[in-house]
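Before any comments, here is the structure.
The values are calculated or read from the model by the stated rules, or taken from the named source; none is laboratory data. Remember, it's a predicted structure, so these values are computed and weren't measured experimentally. Every residue, glycine as well, gets a Cβ built from its backbone with ideal geometry; the counts of neighbours run over all protein chains shown.
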Amino acid sequence: MIHSFIMHVVCPFMGTIGYAILFNVPKRFYLCCGLTGTAGWLMYHAAVCCGASAATASFFGTLVVVLLSRMLTVKKKCPITIFLVSGIFPLVPGAGIYYTVYYLVTNQLAEASRRGMESVKVAFAIVLAIVFVVSIPREMFQFQVRKVRKG
Amino acid sequence: MKIQQIRRDKDEYMDMLLMADPQRDMIESYLDQGEMFALVNGGAVCAVCVVKMLKNRKCELKNIVTRESDRGKGYAKYMIRCICEYYGNICDTMYVGIANSKGMMGFFEQCGFINSHVVVNYFADHYREPIYEDGVRLTDKIYLKKQLGSEIDVKKVVDLALEAGRILLKNGAEIFRVDETITRICHRFHVEYVDTFILSHAIFVSAENGMEETYTKVKQVPLSSSHLGIVAEVNELSREIAEGLVGIEEASRRLEEIDRMPSKKGYFQVLAAGMGSGFFGYLLGASALESMVAFCIGCFLYIWVLKAKKHNISKMIVNIVGGVIITTLAILALHIPILGNVKMDGMIIGSIMPLVPGLAFVNAIRDIADSDFLSGTVRMIDAILVFVYIAVGVGFTLSVYNNLGGGLML
C-alpha cells in the first residue's frame, strides 16, 4: 500500500517538480505542476490497469493533464505552457526510445519496430488529446471558475 | 475594463450627463458634434465623457461623469488618461472648463491639467437656474488645459510591443500568445492598425497611425533555452498594460528587468535534473537502488548540458554526447561490484528524461492546433531530431559495448 503510494503519487509529483525547475517555472506554481503531473499519471495507470493499451492510456492521461492545466491557467492567470509542459512529462515515451534503440543494437528488429511503432502511437495519442482539449472554447473554463466562486 | 466610443444613441446616457451639467439644452449643444466615450467594466457602463474638437489641433473635454455607485474607484482618472493618449495623435492641447470648486480643481490638477483662463460670469449668463455648490453660487467658468504633446507615438508603442514579443518567443511561448500580446499592447496605446507575422524565430510587425504613416520592424529571435518564468511575467505585464495600470515608460522599464531575470542557479538545476531522473526511473520500473544511480547520472548529465550551453555548443552534439554519457555511466554502474545485480534499463530510461524535448514537443502541437503550421512544423522537427540524437548517442554506446564484449554483453 505504502509502496504503491510512493510509486504512483510521490514519484510523479517530485519528478514533475524536478522538470518544472529545469524550465525555470516560478516557485509559486511548483505545487500545481506537481499535482498536474500526478493526476495525469494516476489516470494513465488506472487506464493501464483496466487493460487499455499504452497509447489509449496516454490519451486519457493527457486529457486529464490538459484539462487540469486549462482550469489552473484560468484560476492562476498565467500561461498554460507552465502546467502543460511539466505535467505531460510522466507520459512522454522516453522508455520507448530506449527500448527501440536497445533492440536495434541487439539485432532484434521485429521487437525494435514494435517498440518504435508503440512510441509513435503514444506520441500521436498525446497530440490528439492536447489538440482535443485546446480546441474547447475559452469561455467554458471561465464559466466553471465563476461557478465555483459563487458557491 | 475598456473604453468604447459611443457613436449612436448618445441620448441614452443623458441622465448621467445631467449629473455633471444640469441644463439639458447645454448638453445637447455639444452632444451631436462631440465624441462620446464610455468606460465599460464587466458589461456595465461606469463612466462617460464627451470631447469636442476645436480648431487648430485643440479639443475640449465637455463632460465627464462617473456613475454614483462607482465613484472613488479611479475610473475617471483612468478615462482621462486614455482619452489624452487617444487625442494625443490628433491634438496638441486639451481644455476643460469647470466651476470654481476646490474638489474639481484638485482632481484635474492630479490629472496633469494647469490653469489656462477664466470666463467671468459664464454660469450666471448661460444657465437659467442659479447653480449652488456647498451653498456658494457658481458664476465664473475656469478653463484648465493640458499639453498632450505626443504622449505616445506609433514608433515607441511598436518598439515596446516588439520587445515584449521577442522576449516571449525567445523563452518558449506559443505563437498565438506572442501575436496576442503584441496586438494587445498596440491596441491599448491606440495604434489600431497593426499587422503581425510571427515565425518560430522571427517577428514582423507593421503598424499605421491615423495619418497614413506606416512603421515596420523585423526582429530575428534566435532559438535559445527557454525560461517559463519569464513567459509568465511578461504575460502578467501585458495583462496589466491592457487593463491600463501601466504606462508606456514603466512598461519598457519593467520589460528590461524581466529580460534580465536569471535562470535558477546551476547546482539547483543539476539537482533538479537528478531528482527528475531518479523519480521517473522509479516510476518507469527501476528498483530503488537503480533510481539512486539514475539520480547521479542525471546530475552528471546536466553538468554537461549546462557546460555545453555556456559555450554555445550545437544541440546535436549536446544531445548525442548526452546519450553517450548516460549509457556509459549506466554501463559503468553495472560493473561496480557494491551495487550488486542492477539492470541497465531503468537507469538509462530515468536519466534520459532531462534531455527529452518536452517543451518543443508541446509547443509544436499547440502551434499546429492553432493552425500555425509553419512554426509548428519547425518546432516539431526540432523535437523529433532531439529524440533521434538521444537515440543515436545511446545506440552508439550500446553497440560499441556490445561489440567489445563479442556480442554477448547485452
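Restricting segment B:333-348 to residues that are among the β-branched types (V, I, T) and closer than 26 Å to A:L22 by Cβ, which is farthest from the other protein chains (Cβ to nearest Cβ)? Looking at residues that are among the β-branched types (V, I, T) and closer than 26 Å to A:L22 by Cβ, I get B:V342. For segment B:287-315, a residue qualifies if it is assigned to a helix (DSSP H, G or I), over 19 Å from A:G94 (Cβ atoms) and among the aliphatic types (A, V, I, L, M), and the qualifying residues are B:A288, B:L289, B:I303, B:L306, B:A308. Somewhere in segment A:112-128, is a residue at the interface with another protein chain (Cβ under 9 Å from one of its Cβ atoms), in contact with a Ser or Thr (Cβ under 7 Å, 6 or more places away or on another chain) and either at pLDDT 90 or above or not in a helix (DSSP H, G or I) (or both)? Within segment A:112-128, one or more residues are at the interface with another protein chain (Cβ under 9 Å from one of its Cβ atoms), in contact with a Ser or Thr (Cβ under 7 Å, 6 or more places away or on another chain) and either at pLDDT 90 or above or not in a helix (DSSP H, G or I) (or both). With the structure loaded, tell me whether B:G298 is surrounded by 15 or more Cβ atoms within 10 Å (Cβ to Cβ) and in contact (Cβ under 8 Å) with a residue 40 or more places away in the chain or whether it fails that test. It is true that B:G298 is surrounded by 15 or more Cβ atoms within 10 Å (Cβ to Cβ) and in contact (Cβ under 8 Å) with a residue 40 or more places away in the chain.
Of the residues that sit in segment B:300-357 and are basic (K, R) and modelled with pLDDT under 90, which one is farthest from B:S399 (Cα to Cα)?
Taking segment B:300-357 as the starting set, the residues that turn out to be basic (K, R) are B:307, B:309-310, B:315, B:343.
Subset that is modelled with pLDDT under 90: B:309-310, B:315, B:343.
Working: B:K309: 28, B:K310: 30, B:K315: 23, B:K343: 17 Å.
Of everything passing the filter in segment B:300-357, B:K310 is farthest from B:S399 (Cα to Cα).
Kindly evaluate B:C49 against the criterion of being within 15 Å of B:L148 (Cα to Cα) and crowded, with 16+ Cβ neighbours inside 10 Å. Outline the logic, then answer.
Values: within 15 Å of B:L148 (Cα to Cα): no; crowded, with 16+ Cβ neighbours inside 10 Å: yes.
In short, no.
Restricting segment B:265-288 to residues that are under 24 Å from B:K170 (Cα atoms) and surrounded by fewer than 18 Cβ atoms within 10 Å (Cβ to Cβ) leaves a set whose member that is nearest to the other protein chains (Cβ to nearest Cβ) is B:F268. When the helices (runs of 4 or more DSSP H) confined to segment A:1-93 are screened for residues that are surrounded by fewer than 24 Cβ atoms within 10 Å (Cβ to Cβ), those reaching at least 2 such residues are found at A:2-5, A:11-22, A:30-49, A:54-76.
Can you find a residue that is over 27 Å from B:S351 (Cβ atoms) and crowded, with 20+ Cβ neighbours inside 10 Å anywhere in segment B:376-394? Before you say what the answer is, go through the steps one by one.
Looking only at segment B:376-394, we keep the residues that are over 27 Å from B:S351 (Cβ atoms), and these are B:376-378.
Checking which are crowded, with 20+ Cβ neighbours inside 10 Å leaves us with B:376.
Looking through segment B:376-394, at least one residue is over 27 Å from B:S351 (Cβ atoms) and crowded, with 20+ Cβ neighbours inside 10 Å.
Return the pairs, sorted by first residue and then second, in which the second residue is outside any helix (DSSP H, G or I) and of a type in the set (S, T, N, Q), the first residue lies in segment B:99-116 and is surrounded by fewer than 16 Cβ atoms within 10 Å (Cβ to Cβ), the beta carbons are less than 8 Å apart, and the residues are 6+ apart or on different chains. Hits for this filter: B:N100/B:T139.
When A:Y98 is tested against (1) crowded, with 23+ Cβ neighbours inside 10 Å; (2) closer than 22 Å to A:G34 by Cα; (3) without any contact (Cβ under 8 Å) to a residue 12 or more places away in the chain, just one condition goes unmet, and that condition is (2). The residue pairs whose first member lies in segment B:59-86 and is surrounded by 22 or more Cβ atoms within 10 Å (Cβ to Cβ), whose second member is modelled with pLDDT of 85 or more and assigned to a loop (DSSP other than H, G, I, E, B), and whose beta carbons are closer than 6 Å, counting only pairs six or more residues apart or on different chains, are B:K62/B:G34.
Just checking, which of B:S351, B:S399, B:S371, B:S291 is on the phi > 0 side of the Ramachandran plot and within 12 Å of chain A (Cβ to nearest Cβ)?
B:S371
Within segment B:4-17, residues that are assigned by TED's automatic domain parsing to the domain that holds B:N63 and surrounded by fewer than 19 Cβ atoms within 10 Å (Cβ to Cβ) reach partners that are part of a helix (DSSP H, G or I) and hydrophobic (A, V, I, L, M, F, W, C) with beta carbons closer than 8 Å, at six or more positions or on different chains, in the pairs B:D11/B:L31; B:M14/B:I27. Residues in segment A:13-33 that are within 7 Å of another protein chain (Cβ to nearest Cβ) and closer than 18 Å to B:S225 by Cα: A:G18, A:Y19, A:I21, A:L22, A:F23, A:N24, A:V25, A:P26.
Scanning segment B:213-243 for residues that are away from every other protein chain (no Cβ under 12 Å), under 21 Å from B:S375 (Cα atoms) and outside any strand (DSSP E or B) turns up B:V221, B:P222, B:L223, B:S224.
For B:S238, the stated conditions do not hold, so it cannot be described as within 24 Å of B:M380 (Cβ to Cβ) and hydroxyl-bearing (S, T, Y). Taken residue by residue, segment B:192-215 has at least one member that is surrounded by fewer than 16 Cβ atoms within 10 Å (Cβ to Cβ), more than 30 Å from B:G358 (Cα to Cα) and of a type in the set (V, I, T). For the criterion of being in contact (Cβ under 8 Å) with a residue 24 or more places away in the chain and more than 9 Å from chain A (Cβ to nearest Cβ), B:L329 passes. Applying the criterion of being basic (K, R) and surrounded by 14 or more Cβ atoms within 10 Å (Cβ to Cβ) to the residues of segment B:235-264, the residue that is modelled with the highest pLDDT is B:R254.
Exactly one of these conditions fails for A:C78: (1) within 7 Å of chain B (Cβ to nearest Cβ); (2) in contact with a Gly (Cβ under 7 Å, 6 or more places away or on another chain). Give me its number. For A:C78, the exception is condition (2).
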